[in-house]
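To start, the structure itself, in structure tokens.
The values are calculated or read from the model by the stated rules, or taken from the named source; none is laboratory data. These numbers come from a predicted model, not from an experiment. A quick note on method: Cβ atoms are made from the backbone with ideal geometry, for glycine too, and the neighbour counts reach across all protein chains shown. Ligands, DNA and RNA are excluded from the accessible area calculation, which covers all protein heavy atoms including side chains. Shrake-Rupley method; radii C 1.70, N 1.55, O 1.52, S 1.80 Å.
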Amino acid sequence: QVQLVESGGGLVQPGGSLRLSCAASGITFSIYTMGWYRQAPGKQRELVATITRNGNTNFADSVKGRFTISRDNAKDTVYLQMNSLKSEDTAVYYCNANHPVFSASRYWGQGTQVTVSS
């Protein structure tokens, strides 16, 4: 059974920071591309950041320079460090695992709420 479990969400003031974690099980973590997506109220789910097994990263323009994605293969965990948070970052954040060859092997976590408000 594949499981992706997010943690680290919460309420933070504008300009603050949070670090999200996603612990994976049931997959060969080291070969998967990992990603973070988010969905704000009334909006479609959008890509935030991805990181490949080789360490290559990709970020949405809206978070470049503020967010960092990283992975620890020894812990089967991917992280999203979020700095200089804005109210528009408020969303449910979802962890994603995507097999680099077999594209049908794509998995999602249940999400963690991030609220940026004063």
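Sorted from largest down, give the three principal axis spans of the alpha carbons of the chain, whole angstrom values.
So the three principal-axis extents are 42, 25, 23 Å.
Would you work out if segment 27-78 is rounded, prolate or oblate? Take a ≥ b ≥ c from the square roots of the eigenvalues of the alpha-carbon gyration tensor; rounded if a/c is under 1.5, else prolate when a/b is larger than b/c, oblate otherwise.
Prolate is the answer for segment 27-78, as a/c is 1.5 or above and a/b outweighs b/c.
How much accessible area per residue does segment 72-118 have, counting only protein heavy atoms and a probe of 1.4 Å, in square angstrom?
Accessible area per residue, segment 72-118: 51 Å².
Find how much the distance from THR28 to SER70 grows on full extension, using 0.36 nm per residue of separation minus their present alpha carbon separation; answer in nm with one decimal.
So the chain would gain 13.4 nm between THR28 and SER70.
Residues with beta-carbon under 10 Å from that of LEU80, excluding LEU80: net charge, scoring Lys, Arg +1 and Asp, Glu -1?
+1
With all protein chains present, how much of the accessible area of the chain (probe radius 1.4 Å) comes from carbon and sulfur, to the nearest whole percent?
Here it works out to 44 percent.
Run the reach check for LYS43 against lysines, Cα to Cα strictly under 29 Å, same-chain hits fewer than 8 apart removed. What comes back?
Cross-link targets: LYS64, LYS86.
Determine the relative contact order of segment 13-118: mean sequence separation of Cα pairs under 8 Å and six or more apart, normalised by residue count, in whole percent.
For segment 13-118, the relative contact order is 34 percent.
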